[in-house]
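The values are calculated or read from the model by the stated rules, or taken from the named source; none is laboratory data. Keep in mind the model is a prediction, meaning the values are calculated, not measured. Every residue, glycine as well, gets a Cβ built from its backbone with ideal geometry; the counts of neighbours run over all protein chains shown.
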Amino acid sequence: MGHVYQKGDGWAISFIDENGTRIRRKVAPDKKTAQAILESYMGRVARQEHLGIIEDDAISFADFADEWLKKAVNKLRPNTRDKWTRLVRNHLKPFFSGALRAVTASKVGEYTAKRIEAGAAPNTINSELIVLKNIFVHAVDWKVHSRNPLRDVQGNPAKGAELLKPPPGRVRYLKVEEIDRLLAE
């Protein structure tokens, strides 16, 4: 439970958040407003703790992507880390310029169509979508976003957020001298 108390020339609140951390914050010039703010915080904590409801953060996609790059990408190999950083910086952040919560499966479908139109290969687009999906997995894990918009209720890729079918691979036949060398080995 939280409480309101006077601090200097204003009023402050004190409560324990959903992670068990005590939060103390000066919030208002009068007690009535501070009490309303405390009730709002406590309602949010109760919804998350008892009902599992997470309110989507108002963070921008670019800001969250930067935070994700700092925290999550460090566990990857250097080449993968560099590639994912470039993909986020050059393609994802410019396209998804609004809030993180504004990214939807249909917006991802628009992104895919734009990249196809720009001449990007299906494997390249798939790499970008995998990075985007990883960003949202972490957004949900870190309780910044309530659910992954790239997945449907059953956990399957949402319509518009599916990976593209890669083109068939190249078929290469051995030359006669290569066959002879292979048999000799």
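Descriptive notes on the structure:
- Matching residues, the stretch 148-161, being among the aliphatic types (A, V, I, L, M) and either over 12 Å from the mean Cα position of the chain (by Cα) or part of a helix (DSSP H, G or I) (or both): VAL153, ALA158, ALA161
- One residue stands out in the stretch 160-182 among those that are farther than 23 Å from PRO149 by Cα and among the aliphatic types (A, V, I, L, M): the one that is surrounded by the fewest Cβ atoms within 10 Å (Cβ to Cβ), namely VAL171.
Results for (1) surrounded by 11 or more Cβ atoms within 10 Å (Cβ to Cβ); (2) assigned to a helix (DSSP H, G or I); (3) over 16 Å from the mean Cα position of the chain (by Cα), shown as yes or no for each residue.
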site	(1), (2), (3)
HIS91	yes, yes, no
PRO94	no, yes, no
ASN123	yes, yes, yes
VAL131	yes, yes, no
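- Residue list for the stretch 67-82, filter: exposed (fewer than 14 other Cβ atoms within 10 Å of the Cβ) and in a helix (DSSP H, G or I): LYS70, LYS71, ASN74, LYS75, PRO78, ASN79, THR80, ASP82
- Scanning the stretch 109-118 for residues that are within 14 Å of PRO166 (Cα to Cα) and surrounded by fewer than 18 Cβ atoms within 10 Å (Cβ to Cβ) turns up just one, ILE116.
- Lone qualifier among SER127, SER106 - being of a type in the set (Gly, Ala, Ser), surrounded by 15 or more Cβ atoms within 10 Å (Cβ to Cβ) and over 13 Å from the mean Cα position of the chain (by Cα): SER127
- Any hit, the stretch 139-147, residues being at pLDDT 85 or above and under 10 Å from the mean Cα position of the chain (by Cα): yes
- With respect to the conditions (1) assigned to a helix (DSSP H, G or I); (2) over 22 Å from the mean Cα position of the chain (by Cα), LYS165 falls short on a single one, namely (1).
- Among the candidates THR112, THR85, the residue that is at pLDDT 90 or above and either outside the structural domain of ALA161 (by TED's automatic domain parsing) or over 18 Å from PRO157 (Cα atoms) (or both) is uniquely THR85.
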